[in-house]
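S.K.: First, the structure itself, so that you have it in front of you.
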Amino acid sequence: MAHVFYKYQGTGNDFIIIDNRQDKFRKNDTKLISFLCDRRFGIGADGLILLEDHSTHDFEMVYYNSDGNESSMCGNGGRCIASFARFLGIIDDETTFHAIDGAHKAILNGDIVSLLMQDVSLIEHRNNHVFLDTGSPHHVQLSPSLSELNIKEKGAEIRYSEPYSEKGVNVNFVKKLSDGHFAIRTYERGVEDETLSCGTGVTAVALAMNYIGETEKNLVQLETEGGKLEVSFERTKNGYSDVWLKGPAKQVFKGEVTW
């Protein structure tokens, strides 16, 4: 039996997206999801997203990493599924949908999608890095020699080290380009490699750089390997609120796959 899928990408972070409102996808089949995300034997993607019905919001986002396991929030995936929902006619230019970390609002303007992220209250400044959770846990550290880093090797070393060894962490290496402007490379758990972009990662970097005083701006430009993203926020006495992730989300192609 052939199943329709769509391929989307947000600054090079690519996803297989499936309309699962009829609940026909084998959600617990880790091997199937891993196969579909495989770039040589399957379709190829950083992750797979299911769009499902929700009782109180426009739809629900269910996200899996390319290893086949359901994962924490994916910011670029959230922007892409909002674009997909508009393509399906479920929404117009605004939506509120449910994800694993709660409700998210999105505003769409052409290919540009702005996604409201969760508030962040707990940020830990440890030795040479910052740890925070922006829907997914992130380790953020400054690295002036960004282009020379072996991201897969160094990222894996940190991802599996204490205190992250039990649950793992996403690892972000950051270079300051100017005030409010940073370059970032990210090692993503579940993918277990560098990804061209990570939405929760750039969000974490923007907040972390403001928190440690590398910028006083509340509108931060991020250069990923896959393109440019923008994060805006309000700093409060309890942390950060009104956190928006903004950037492009585009449909690449539609296809059919048999499993």
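S.K.: Do we have any residue at all in the range 202-210 that's in a strand (DSSP E or B), at pLDDT 95 or above, surrounded by 17 or more Cβ atoms within 10 Å (Cβ to Cβ) and not acidic (Asp, Glu)?
M.R.: no
S.K.: Looking only at the range 198-210, decide whether some residue is closer than 26 Å to Ser34 by Cα and small (Gly, Ala, Ser).
M.R.: yes
S.K.: Using beta carbons and a limit of 8 Å, which pairs, at least six apart or on different chains, have the first residue in the range 36-49 and in a loop (DSSP other than H, G, I, E, B) and the second one modelled with pLDDT of 95 or more and of a type in the set (Phe, Trp, Tyr)?
M.R.: Phe41/Phe35; Gly42/Phe35; Ile43/Phe5; Ala45/Phe15; Asp46/Phe15
Conditions (1) surrounded by 21 or more Cβ atoms within 10 Å (Cβ to Cβ); (2) within 15 Å of the chain's Cα centre (by Cα), marked per residue:
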residue	(1), (2)
Tyr8	yes, yes
Asp14	yes, yes
Asp23	no, no
Gly47	yes, yes
Ser55	no, no
Glu70	no, yes
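S.K.: Which one of Asp19, Asp93, Asp67, Asp58 is out of contact with any strand residue (DSSP E or B) (no Cβ under 6 Å at 6 or more places or on another chain) and either without any contact (Cβ under 8 Å) to a residue 60 or more places away in the chain or of a type outside the set (Gly, Ala, Ser) (or both)?
M.R.: Result: Asp67 is the single residue among Asp19, Asp93, Asp67, Asp58 that is out of contact with any strand residue (DSSP E or B) (no Cβ under 6 Å at 6 or more places or on another chain) and either without any contact (Cβ under 8 Å) to a residue 60 or more places away in the chain or of a type outside the set (Gly, Ala, Ser) (or both).
S.K.: Within the range 230-244, which residues are of a type in the set (Lys, Arg) and either surrounded by 15 or more Cβ atoms within 10 Å (Cβ to Cβ) or in contact (Cβ under 8 Å) with a residue 24 or more places away in the chain (or both)?
M.R.: Arg235
S.K.: Out of the residues in the range 134-183 meeting the condition of being in a loop (DSSP other than H, G, I, E, B) and among the hydrophobic types (A, V, I, L, M, F, W, C), tell me which one is surrounded by the most Cβ atoms within 10 Å (Cβ to Cβ).
M.R.: Per the criteria, the residue is Val169.
S.K.: Which residues, taken from the range 50-73, are outside any loop (DSSP other than H, G, I, E, B) and of a type outside the set (Phe, Trp, Tyr)?
M.R.: Within the range 50-73, Leu50, Leu51, Glu52, Glu60, Met61, Val62, Asn65, Glu70 qualify.
S.K.: Related question: For the range 126-133, check the following and say yes or no: at least one residue is part of a strand (DSSP E or B), in contact (Cβ under 8 Å) with a residue 40 or more places away in the chain and not assigned by TED's automatic domain parsing to the domain that holds Tyr164.
M.R.: no
S.K.: Collect the residues in the range 112-125 that are in a loop (DSSP other than H, G, I, E, B), within 17 Å of the chain's Cα centre (by Cα) and surrounded by fewer than 18 Cβ atoms within 10 Å (Cβ to Cβ), keeping them in residue-number order.
M.R.: Within the range 112-125, just Asp119 meets the criteria.
S.K.: Of all the residues that make up the range 109-125, how many are without any contact (Cβ under 8 Å) to a residue 40 or more places away in the chain and either in contact with a helix residue (DSSP H, G or I) (Cβ under 8 Å, 6 or more places away or on another chain) or of a type in the set (D, E, K, R) (or both)?
M.R.: Of the residues in the range 109-125, 1 are without any contact (Cβ under 8 Å) to a residue 40 or more places away in the chain and either in contact with a helix residue (DSSP H, G or I) (Cβ under 8 Å, 6 or more places away or on another chain) or of a type in the set (D, E, K, R) (or both).
S.K.: Out of curiosity, is Gly227 crowded, with 17+ Cβ neighbours inside 10 Å and within 19 Å of the chain's Cα centre (by Cα)?
M.R.: When the stated conditions are applied, Gly227 does not pass them.
S.K.: Among the candidates Phe253, Phe233, which residue alone is among the aromatic types (Phe, Trp, Tyr), over 16 Å from the mean Cα position of the chain (by Cα) and under 25 Å from Ile123 (Cβ atoms)?
M.R.: Sole residue among the options that is among the aromatic types (Phe, Trp, Tyr), over 16 Å from the mean Cα position of the chain (by Cα) and under 25 Å from Ile123 (Cβ atoms): Phe233.
The values are calculated or read from the model by the stated rules, or taken from the named source; none is laboratory data. Bear in mind that the values here come from a model prediction, so they are computed numbers and not experimental data. Reconstructed Cβ throughout: ideal geometry from the backbone, glycine too, with neighbour counts over all protein chains shown.
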